[in-house]
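I have placed the structure first, in the form of structure tokens, so that the comments after it can refer back to it.
The values are calculated or read from the model by the stated rules, or taken from the named source; none is laboratory data. Predicted model, so just to flag it, every value in this text is computed and none were measured. Glycine also receives a Cβ, built like all others from the backbone with ideal geometry; neighbour counts cover every protein chain displayed.
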Amino acid sequence: MNAKWMIAGAGVLAVAGGLPWVVGYVTEQQWQQATAEVNSAQPFLRMETDNYDRGILGARFTGSINLTNPETGESQQFSYRADVTHGVTGSLMDFEPEGGWSSGGTDWFSGEEPRLTLETRLWGTAVIELEAPQMSVTDASTGETVASSGGLARIEISDSGSQADALMVWPALTLSGPDLDIRVSDFHLEQTMTHLSGEVWTGSGEVMVDSVAVTPVAEAPVRLEEISIRSSSEPVSDGERLDSRMAFEVARVATADETYGPQRLVFELSGLDVAAWSGLTESLSSLQALALNQASGGPQQFEQQMNAMQEVNTALRDLAAAGFSVGFPELTVTTPEGVVEGSASISHPELTADKKGEMLMVMQKLTGEMDLSLPVALAEEYPEFRLQLAPLIKQGLLVQQDDRLVLDASMRDLMLEVNGVEIPLPPLL
């Protein structure tokens, strides 16, 4: 009996001893697959892996990240090295830039360095985490200094990449210069995302900032307090449609003399066709990739660009024909002179297959509503703002009602009507 248990125990130890090798093999495959997916998903960031040296209990490899500016096509490369530790159920990757975290022989972190890790599991879960200590960086040429209290950034990816949860906590960040000081206090971000279809993700998130203080040398300081951005998107109609909402709010704006608020802006999108939206984003990505990858001109490049533009136009028509509504149902800007209020929305009806075939342009069926109201005292207080409003008032686009300036507009049949004034719209889309 004891011999049987000894044999069984030896077998368990043998399996346990071999598990790190299996974990290391799977980890390497997961890393190669993840980098390939990142490179194929977009043209602006490319990851390369070199010299992946895998052992039983660990591995080491080097690599680089290439970032491309979409406007100029210029690229910048960052090299890194990673140490990997293999466990029984997963691995821990510890990343560090080649040459260290600081630059130019300086010590940005006063001896304690950041730590960037990636923890993976065999069943497809991964956790990316950055722990940053207190930091201070000064540009000798400009006199600008960036200082940070340190913080934490964390992303957990699960369900084979279809679910992601992000957390970021940063107590303080300061940018100081000869002409301006900016201080951000208590930054907090939480975001949950779930892959729906194609390029479409749903979820909810919240960004909270206790305060942002801007102190110019030659002007009065301004402080924004209790800043929040709350967003949510959810599938409807069995995942075929998408509703989305984002609310931006600043509780108070404080100057040296007074405090006023709140400021609030709400964005809403409803009834967006998921398949059509995914097609539009994919066609736009293809157009951007074509612009980056083809440096020389010629008939072939021109033909490819025209085909890509045609794909974008087709996707845009498909999106509009499916029907949607988008706008700003709430705008509130509080000033010492009074409150600015407004709303705006644009919608397109869903078309039948026959109507879609007859569709010549997107704008033909677009309808919209907009209203805006602001205090006359606001225009009277600021001469530059009054000069900007003067042409609108003269043309009847802003009408005074008591102590308010009012705009009431509607759009349909390629015609914009503002306070009774009709303005033909050019067929841009």
Is it the case that Ser110 is over 25 Å from the mean Cα position of the chain (by Cα) and either closer than 30 Å to Glu199 by Cα or without any contact (Cβ under 8 Å) to a residue 12 or more places away in the chain (or both)?
no
Please enumerate the residues belonging to the range 136-172 that are more than 25 Å from Val212 (Cα to Cα), among the small types (Gly, Ala, Ser) and either in contact with an Asp or Glu (Cβ under 7 Å, 6 or more places away or on another chain) or assigned to a strand (DSSP E or B) (or both).
Ser158, Ala164
Could you give every pair whose Cβ atoms fall below 8 Å, whose first residue belongs to the range 374-399 and is of a type outside the set (Ser, Thr, Tyr), and whose second residue is surrounded by fewer than 12 Cβ atoms within 10 Å (Cβ to Cβ) and assigned to a helix (DSSP H, G or I), counting only separations of at least 6 or pairs across chains?
Arg386/Glu380
Identity of the residue in the range 199-242, over 22 Å from the mean Cα position of the chain (by Cα) and among the acidic types (Asp, Glu), that ends up surrounded by the fewest Cβ atoms within 10 Å (Cβ to Cβ):
Asp238
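Hey, among Ala59, Ala34, which residue is surrounded by 13 or more Cβ atoms within 10 Å (Cβ to Cβ) and part of a strand (DSSP E or B)? If you could, list the steps in order and put the result at the bottom.
Details: Ala34 fails: part of a strand (DSSP E or B).
After applying the criteria, what remains is Ala59.
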Tally of residues being among the hydroxyl-bearing types (Ser, Thr, Tyr) and touching a His at 6+ places or on another chain (Cβ under 6 Å) across the range 160-200
1
In the list Glu131, Glu190, Glu96, which residue meets the criterion of being of a type in the set (D, E, K, R), touching a strand residue (DSSP E or B) at 6+ places or on another chain (Cβ under 7 Å) and touching a residue at least 24 places away in the same chain (Cβ under 8 Å)?
Glu190
Is there a residue in the range 81-93 that is surrounded by 14 or more Cβ atoms within 10 Å (Cβ to Cβ), at pLDDT below 90 and aliphatic (A, V, I, L, M)?
no
When every residue in the range 133-185 that is hydroxyl-bearing (Ser, Thr, Tyr) and within 29 Å of Ser204 (Cα to Cα) is compared, the one surrounded by the most Cβ atoms within 10 Å (Cβ to Cβ) is Ser148
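Being farther than 26 Å from Gly327 by Cα and either acidic (Asp, Glu) or surrounded by 14 or more Cβ atoms within 10 Å (Cβ to Cβ) (or both) is the filter here, so list the residues in the range 383-400 that pass it.
Across the range 383-400, the qualifying residues are Glu384, Arg386.
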From Ser211, Ser204, grab the single residue that is in contact (Cβ under 8 Å) with a residue 12 or more places away in the chain, part of a strand (DSSP E or B) and more than 24 Å from Val137 (Cβ to Cβ).
Ser204
